[in-house]
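For reference, the structure is listed below as structure tokens.
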Amino acid sequence: MVQTPIEPTPLETLSQHYDAFRAFVKRRVPDPGLAEDLLHDVFERGINRAHTLRDEGAVLAWFYRSLRNAVVDQHRRHDTARRALDAFAAEIEAFPSIADGPTEAPCPCIARAQAALRPEYAHALKRIEIDGLSVKDFAGETGITAGNAAVRVHRARAALRSQLGETCGPNAKLCCGSCNCAPGRSGACGT
């Protein structure tokens with residue numbers, strides 16, 4: 001009596017080819033952690049869907065197609081995010097910096113507020129606002145993308161505004177040109 005070989009279940013088929021699937025994704029996604037995440041997401045969907053597919057060839061073809069689609073979607077999301085950050089960097093670059101303004105001495109509250117910022121924010125503001133470095137050049141100097149540099153500068157400016165609000169009170173926007181705050185006296189601006 002000739003026995004018919006038992007075909008592996010779809011789940012067994014997926015498990016048997018896991019290393020090939022991993023290699024497929026890693027060749028297309030340079031970040032190893034992201035490649036693993038994509039593979040696990042698609043593998044989870046495959047486990048949920050595998051019971052609907054009957055033969056080994058259909059399971060493999062479907063799974064590779066699912067992996068390819070996940071990789072393409074990831075590249076699209078990455079490209080969209082990169083374009084948005086680049087546009088934001090260009091927008092920040094077009095913003096006038098303090099270095100373009102009057103050469104009068106800045107309000108002493110600004111120096112105190114800047115000293116309270118996170119070091120990377122204080123450094124970004126110094127290089128861009130005081131030293132007049134462009135966002136793109138600052139990005140190159142610090143080894144980050146222009147988009148990330150733009151985000152850092154934006155967050156640094158927001159943190160400085162917030163710190164000035166705490167130091168000088170709600171009128172900080174109106175009176176820092178003619179500051180009469182006493183050092184160590186909170187909320188004194190404009191009073």
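Data overview
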quantity	calculated
Highest to lowest packing among 16-23, 137-144, 149-156, scored as the average C-beta count within 10 Å	149-156, 137-144, 16-23
Segment I144-H123, length gained on full extension (0.36 nm per residue, minus Cα span)	6.2 nm
Ranked by how many other beta carbons lie within 10 Å on average, peptides 55-63, 160-168 from highest	160-168, 55-63
Residue exposure sequence - R45, R157 - by fewest surrounding Cβ within 10 Å	R45, R157
Cα Rg, Dmax, region 10-84, angstrom units	13.0, 44
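Every number here is computed from the coordinates shown, using simple stated rules; none is lab data. Note that this is a predicted model, so its numbers are computed, not measured. We place every Cβ from the backbone using ideal geometry, glycine too, and count neighbours over all the protein chains shown.
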